[in-house]
Amino acid sequence: MSEDTPRPVIIDGANAARMYLDHRRGDAYGPIGAYKFCKMNGHEYVKIYIKSYRVKGDQEGVMFNVEEFIEEIPESDIVLIPVDLDDDSFFIRDAIEKNAILITNDLLRDHQRSLSGRELSRFDKWIQGSRCGFTFVDGDFSPDPKFADFQYQPPAVDDEGEETRDEKKMTNFKALRLELRNSIMEELAPVSMDDLQSRLTDEEHQESRHREDRDEMNLAVREALDLRNELNAEVKKKIADVSAFKRMRDKHNSIVKEEKQNRIGLDRRLKDARNQTKPDKSKVRELEKSQAKAHARVEKEATKAQAAQESMEEESLVVDDLRAKANDAHQDLTSNKRAADDFHQSHTHSMTVIYAINGIIKNRKREEKRLASRVHIDAAMAKISRHSTADLRRMLIDTITSQEEWKILLHSETLTKDIERILIKLQDSSAWTSSPAVQIQLITAHNTARYIIGRRGANIKRTRERMAAELDVDLNYFQISVLTPKKSKHGLRYEELFNDFTVEELKGFATQLGLKKGGNKGVLIERLIRGAFLQSVD
């Protein structure tokens, strides 16, 4: 993967869904938001790993708004993991192999503890700069601010200290993009569906062209950067050669200087020997030979010094030429970066327009679906509301315990007694899901909930089907959900479970268990905890 290409991204789909909505099923808008954020920030490879039952399973197991998930996310970017396999192992393995960013709030300690030796070292090295935690702010995906790979950067190659964008634009990018998207949605609000579809097709062609142009310029940036770095490396090498020739020249010049001094001494001695009254001919001949040798050494070293000087000058000319070429490559790099950034801005604008149009289309379809389903929901609510809460609760308990699968359970008698302590609330789920229905919310303990739901949701599915038939309501607009206390290191958080309900709702729960309805909210909650979970009444 080249430096200019954003890293691949793998999303822990179940983790993102449950972070968006604190419910065992989670909400599909979680992984959808994470996926769109990555795509908008230039990540081409984005995959969502998720267990198959959360997408294609029973109503009790799939994510809320799963229809939006199937509509918004390309099938090629959804990796479905079979129910009986560990999804963590799949996305951790693939993330490490691809050096991908893994979006999850799971610290992956269980997986870490299962490793040793080289595998553990490889995992530890990868996770330090690859696991990105996140949250949702006003429904928008928000990655860990300390995770550098999601600080917005244009895909053009950056290089030692070279700025590729105005810092202020980087800081305000998300706000500007949101402002642009809202402006586009407002502008296109009155446009017909046919015109929107036509505009969407045109914009998708524009987005594809801008992306191709951007990638082409990024390739040119890489080539210019490689050429410049190659030339600079050659310059560095040639400068070292120049320095070597300079040292060689200085060495030979130093020898020339020494030999000249030696020759001057020999010249004096030869002159003195010749000026004697009776010159010693053998001594004169010996000095003449020494003088000739000294002169020859001076000439030899001077020749070497001159050769080193000429080589140094030649290499200096080569350095100047290479520097000029490196400067040209740097100018090409800067120019190509600017062009790549411009194409990326155009690509981002097109993506914003596409998301805005898709948002309008999705909102219109959702509204159409809501209006169409409202008739069915109102009809179902009218039929169910004919029954008192006590009758509905009794009907639900009897439907659960009358199943053959329930009767063959170990300790079924004890479980049946536990079932008698359930609480129910009838509600319309239109406010928090795009698949609205009349919902009976069932409140019980964790152990009881396991048996009510059954393996892969089989028990609660049968209960829902039989209740819908008995109440004569459309199964598509009738749901049963199970609510249990959250767990913490200090135990079960019963108070937190009941705090979300009004005093009137708490009084209604007390009536279901035959408890007193008097007292403030705190007293009611205490009484319900004892009656529904701690098997004690006052």
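Tabulated data
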read-out	value
Hey, residue 449 under 30 Å from residue 379 (Cα atoms), in contact with a strand residue (DSSP E or B) (Cβ under 8 Å, 6 or more places away or on another chain) and small (Gly, Ala, Ser) or not	yes
Residue that is nearest to residue 20 (Cα to Cα) [pool: residues in the stretch 96-119 that are of a type in the set (A, V, I, L, M) and part of a loop (DSSP other than H, G, I, E, B)]	107
Test for residue 399: is it touching a Ser or Thr at 6+ places or on another chain (Cβ under 6 Å), surrounded by 15 or more Cβ atoms within 10 Å (Cβ to Cβ) and more than 16 Å from residue 468 (Cα to Cα)	no
Residue 45 vs. criteria surrounded by fewer than 18 Cβ atoms within 10 Å (Cβ to Cβ), touching a residue at least 12 places away in the same chain (Cβ under 8 Å) and out of contact with any His (no Cβ under 9 Å at 6 or more places or on another chain)	yes
Residue in the stretch 460-468 that is farther than 24 Å from residue 17 by Cα, surrounded by fewer than 16 Cβ atoms within 10 Å (Cβ to Cβ) and assigned by TED's automatic domain parsing to the domain that holds residue 528 present	yes
Residue in the stretch 257-264 that is of a type in the set (A, V, I, L, M), part of a helix (DSSP H, G or I) and either surrounded by 13 or more Cβ atoms within 10 Å (Cβ to Cβ) or not assigned by TED's automatic domain parsing to the domain that holds residue 352 (or both) present	no
Pick from the stretch 131-146, criterion over 18 Å from residue 92 (Cα atoms) and either surrounded by 12 or more Cβ atoms within 10 Å (Cβ to Cβ) or not assigned by TED's automatic domain parsing to the domain that holds residue 102 (or both), ranking: nearest to the chain's Cα centre (by Cα)	143
Check on residue 217, in a helix (DSSP H, G or I) and within 30 Å of residue 140 (Cα to Cα)	no
Test for residue 243: is it touching a helix residue (DSSP H, G or I) at 6+ places or on another chain (Cβ under 7 Å) and hydroxyl-bearing (Ser, Thr, Tyr)	no
Number of the condition not met by residue 232 [criteria: (1) touching a residue at least 24 places away in the same chain (Cβ under 8 Å); (2) in contact with a Pro (Cβ under 9 Å, 6 or more places away or on another chain)]	(2)
Per-region count, the stretch 347-377, residues surrounded by fewer than 20 Cβ atoms within 10 Å (Cβ to Cβ), among the aliphatic types (A, V, I, L, M) and within 30 Å of residue 426 (Cβ to Cβ)	3
Odd one out for residue 312 among (1) in contact (Cβ under 8 Å) with a residue 40 or more places away in the chain; (2) under 30 Å from residue 474 (Cα atoms); (3) of a type outside the set (S, T, N, Q)	(2)
Boolean, residue 222 is in contact (Cβ under 8 Å) with a residue 40 or more places away in the chain and basic (Lys, Arg)	yes
Candidates 240, 296, 292 - the one that is over 30 Å from residue 45 (Cβ atoms), surrounded by fewer than 17 Cβ atoms within 10 Å (Cβ to Cβ) and within 51 Å of the chain's Cα centre (by Cα)	240
Some residue of the stretch 418-431 being surrounded by fewer than 15 Cβ atoms within 10 Å (Cβ to Cβ) and in a helix (DSSP H, G or I)	yes
Looking only at the stretch 485-506, and only at residues there that are buried (at least 19 other Cβ atoms within 10 Å of the Cβ) and in a loop (DSSP other than H, G, I, E, B), the one that is modelled with the lowest pLDDT	485
Residue within the stretch 88-95 that is buried (at least 21 other Cβ atoms within 10 Å of the Cβ), part of a helix (DSSP H, G or I), touching a residue at least 40 places away in the same chain (Cβ under 8 Å) and not small (Gly, Ala, Ser) present	yes
Candidates 70, 11, 50 - the one that is within 24 Å of residue 362 (Cα to Cα), of a type in the set (Val, Ile, Thr) and assigned to a helix (DSSP H, G or I)	70
Test for residue 178: is it at pLDDT below 85, under 27 Å from residue 366 (Cα atoms) and not polar (S, T, N, Q)	yes
Condition broken by residue 409, with the remaining ones in (1) among the hydrophobic types (A, V, I, L, M, F, W, C); (2) part of a loop (DSSP other than H, G, I, E, B); (3) outside the structural domain of residue 515 (by TED's automatic domain parsing) satisfied	(3)
Index of the failed condition, residue 306 passing every other in (1) surrounded by 12 or more Cβ atoms within 10 Å (Cβ to Cβ); (2) over 30 Å from residue 234 (Cα atoms); (3) not basic (Lys, Arg)	(2)
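The values are calculated or read from the model by the stated rules, or taken from the named source; none is laboratory data. Note that the structure is predicted; figures quoted are calculated from it, not measured. Here the Cβ is made from the backbone with ideal geometry for all residues, glycine too, and neighbour counts use every protein chain on show.
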